[in-house]
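Undergrad: Sending over a structure as structure tokens; questions will come in a sec.
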Amino acid sequence: MSDLDTLSQLNRLLTIEYRSLPMYLHDADPWAHASDSAGRDMLNDIIADQRQASQRIAAFIQDMDEAPSPDEFPMEFTDLHFLSLDYLLGELLRYQRIAVEDLEDCVGALSHEPEARNLAEEILGMERAHLESIEQIASQPVAAG
């Protein structure tokens with residue numbers, strides 16, 4: 001794999017983390033029931049993890065003497081303003097499943113770059129755990145009120 005291919009995959013990895021739905025929702029501030037602290041906490045934990053992962057990926061790219069270049073947020077995220085966290089759990093699940101699949105592709109594409117692959121595998125493991133967290137919160141009954 002050339003350095004250009006590695007850089008492309010690392011920027012793809014950066015986009016998956018830095019331009020995720022949870023990162024978008026940080027600024028959209030979804031409405032939540034007062035009793036929905038578990039959902040808010042889960043979202044905040046995912047955002048914190050993805051920020052840290054994004055910083056690690058960007059540092060890796062900079063160590064290659066390149067500039068990080070994530071894509072923009074997907075345009076369809078703009079339709080998700082002013083919605084409840086209850087509703088957004090379904091969207092979070094859908095996009096998290098896509099992210100895990102994309103991360104699996106990145107890991108495969110980085111198979112000849114052990115250090116970059118290890119970083120991608122670590123992030124994939126984190127995002128699989130996030131998927132489980134979202135599934136768990138989404139399976140709980142909707143709070144009343």
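Just so it is clear, none of the values below were taken in a lab; they were calculated from the coordinates. On a predicted model such as this, the values are computed, not experimentally measured, just so you know. Reconstructed Cβ throughout: ideal geometry from the backbone, glycine too, with neighbour counts over all protein chains shown.
Undergrad: Beta carbons within 10 angstrom, averaged per residue: use that to sort the peptides 37-43, 3-9, highest first.
TA: Working: 37-43: 17.1, 3-9: 15.4.
Most protected by this proxy first, the peptides run 37-43, 3-9.
Undergrad: Another one. Could you order peptides 127-139, 64-76 by the average number of other Cβ atoms within 10 Å of their residues, highest first?
TA: Ranked from most to least packed, the peptides come out as 127-139, 64-76.
Undergrad: Another one. So what is the calculated 222 nm ellipticity per residue for the chain, using -39500 (n - 2.57) for each DSSP H run with n of 4 or more, over all residues, to the nearest 500 deg cm²/dmol?
TA: Result for the chain: -24000 deg cm²/dmol, rounded to the nearest 500.
Undergrad: How much net charge surrounds Arg19 when only the other residues with a Cβ under 9 Å from the Cβ of Arg19 are counted, with Lys and Arg +1 and Asp and Glu -1?
TA: Charge balance in the 9 Å sphere: -3.
Undergrad: With each pseudo-label sitting 7 Å past Cα toward Cβ, what's the Gln136-Ser69 distance in nm, one decimal?
TA: Modelled inter-label distance: 4.0 nm.
Undergrad: Right, another one. Would you indicate which of (1) 0.97; (2) 1.10; (3) 1.01 is the value of Cα Rg over 2.2 N^0.38 Å derived from the coordinates of this structure?
TA: Comparing each candidate, only (2) matches the computed number.
Undergrad: Follow-up question, since we're still on this one. Suppose each label sits 7 Å from its Cα in the direction of the beta carbon; what would the Ala28-Glu101 distance come out to in nanometres?
TA: 2.0
Undergrad: Further question on the same structure: Let me check I've understood the local charge: for Tyr87, count other residues with C-beta under 13 angstrom from its C-beta, Lys and Arg +1, Asp and Glu -1. What total comes out? Kindly include the intermediate steps, with their values, before the conclusion.
TA: Working: positive: Arg94; negative: Asp36, Asp79, Asp86, Glu91.
Computed value for this residue: -3.
Undergrad: Quick check on packing: order 17-25, 96-104 by the mean number of other C-beta atoms within 10 Å, highest mean leading.
TA: Peptide ranking by packing, descending: 17-25, 96-104.
Undergrad: Net charge near Glu76: determine it from the other residues with C-beta under 15 Å of the C-beta of Glu76, scoring Lys and Arg +1 and Asp and Glu -1. Please report the intermediate quantities before stating the final value.
TA: Values: positive: Arg19, Arg94; negative: Asp71, Glu72, Asp79, Glu91.
Net of charged neighbours comes to -2.
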